[in-house]
Structure formats: structure tokens, C-alpha cells
Amino acid sequence: MFNYRKLAIFLGYKAIRLIILLIAVAIISFVLIDISPIDPVRAYIGEMTVSGEQLANLQQFWGVNVPVWEKALHWTLDVFQGNFGISLIYRVPVLEVIGDRFQASLVLMFVSWLISGVLGFTLGTLAGMYRGSWIDKFVKIYCYILLSAPTFWIALLMLMVFSVYLGWFPTGLGVPVGVLSENVTFWDWLDRLILPATALSVIGIAQIALFTRDKLNNIMSSDFIIFAKARGEKGWSLVKRHGVRNILLPAITIQFLSFSELFGGAVLVEQVFSYPGIGQAAVAAGLRSDVPLLLGIVIFSTIFVFCGNTIADVIYKFVDPRIRESESNE
């Protein structure tokens, strides 16, 4: 029987851990920004020539000479009031920038997460089902290549082949150049999503495929599988009835644990394809020392990854009947 009391205690414990984690992340972020060699004013004005008075005004606006503890104190008090500040680059509230950019990134990450989960689980099941065959060897070699290849390299390779040489897809951006957002069709948007989503999904395919393969191999070697074979079960019906049912929940758990790799990969993929998401905004904020925007992105990305890990823990501890039953018997 599902224990809602244990779940509530567990979620309360997770909430306390999240608060501690956010405080630690904010402190570390402030320290790293403070010791950064990048001059935000120089990064902002670029090659432009400004007077001494204008330079002093910009330094005051960017808070160059303000002590880090004072910045942290003002920022914390504003956050408690729901105000994450104004982006120094975009000149709009940070929450507005994060809302617009995270919406685009969320679609990209969800599509790639779905693709990597389905393809990875399918490849892992086929490799485990035909253990030792050419299918198994092909899947293993394919996964090892994906694990050893950097995400940005794969994204650049796909961009060169499918966009530059073959011309099948646009070279980047989220919408066509010169077209208003209200005039962009679904197919225009989808055409620019396929390559980034495919490149990002490569991250998770290998991990979930190898995990599913190993898990299925262990299950196919167990006693109840031998007994099922003795009763005449074989082929896909055997794998589907006794294998897939036992590896599906662990595979979903691993997939939710990949949120951190997914977000990190999104930053690189968005840069390669000039995709207007939260990753591109994070890079711009970091290079130009937009402290309010960078801190806002760091906080929201921390919450995003933490939520993925929490969902995985809930599935493992409370949804998986084997773990739930073992804990109830203790």
C-alpha cells in the first residue's frame, strides 16, 4: 500500500535540502563572479569610446566598486520579495528573460529527453534480447562512440553535414530571420528544432541503452526466466512479459537523473545552433558579467535539476513495488 505519510516526510526533507543547496549555490556564484577577470563595463561597451564621466556612470550602474557582501545582501533581500532584478544586458526584468528563454529551452530539452529515452530503451532492449549477436555488438560500439564524443562536436558535425553541405535544415536560430513571431508557422519552428533536439538527445541515448542492456541481461539470466522458458515461453513475448516490465521503471528513473547532463548539453547545443534558449542567455550573462541574470539562471537551473533528481528518487523509493515492498518488510 502506498504510504503518503512517508512520501510527505521525504518531500519535506528534500525541500530542506533544496533550500540549503540554493544558499550554497548563490554564495559560490557570488564569489566566482567577484573573482572573475572579466570587466563588465568593458565587455558591455566593446570597442566604443566613452568619456570618463560616462565610464564612471556605467561602473556605478554595473556595481563594479560595490563590495561582494553588499551585492549579495541586496540581492537576497530583493529575491525574498520576488524581485530577481533587472538584466543589465537586456534591460528587462530577469524573470521575464528567464520565462521567455526557458520556455524555448524546455521544448528543446523535453523533445530531446523523449527521443533519447525511447531510442535508448529500444536499443538497449534489442541488445539485451539478442545478446552476443551483431545487433548487440553494433549497439555497444554505437553507444561507446556517443559516450566518447563531446556534445558540441556532434552538434557541429550535424550542422555541417545536414545544414551546410546537404541543406536539409536551417543553419540555426529559433525562427526565420526577418519574420515576426506571430507570423512564424508551426513547420518553421519545427524545422529549426529537429537538428538541435537530435544533437541534444545523443547525450542520453548511450547511457539509457547501456543501462537497459545490462539490466535486461541480468534479468534474462535469472531463475524465473529459466522457469518461463521451461514452460514454453520464448522470443519477444518472453522479453515483453518478464523483461520489459522489470526494466522499465529503473530505466525511467535513470532518465530523470539525466536532467543535469541534459541542461549542460543544452547550453552547448544552443550556442552551436544559435538557439534562443536559456543556455545562450547564460553564456551571454557570464561573458558580460550580467550578475542578476546569471544568478537567476543559476537558481532556476538548480531547481530544475533538483526536481528531476527528486522525481527519480520518488519513482525509486515509492513507485517501484520491489523497493516499496522491501522497505515495508524491514
Kindly report, to the nearest 10 Å², the accessible surface of Tyr130 as traced by a 1.4 Å probe over protein heavy atoms only.
-> 100 Å²
So how much accessible area does Ile19 have, in Å² to the nearest 10, using a 1.4 Å probe?
-> 100 Å²
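Rank these residues by their accessible area, most exposed first, probe 1.4 Å: Lys240, Lys140, Lys14. Show your work: numbers first, answer last.
Details: Lys240 115, Lys140 55, Lys14 20 Å².
Accessible-area ranking of Lys240, Lys140, Lys14, largest first: Lys240, Lys140, Lys14.
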Links that overshoot a 22 Å alpha carbon limit, given the list Lys140/Lys215; Lys215/Lys240; Lys14/Lys71 | Lys14/Lys71
What order do Trp168, Trp153 take when sorted by accessible area (1.4 Å probe), most exposed first?
-> Trp168, Trp153
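The values are calculated or read from the model by the stated rules, or taken from the named source; none is laboratory data. The structure displayed is predicted, hence computed values, not measured ones. Accessible surface is based on the protein model in full, side chains and every heavy atom, while ligands, DNA and RNA are left aside. Shrake-Rupley method; radii C 1.70, N 1.55, O 1.52, S 1.80 Å.
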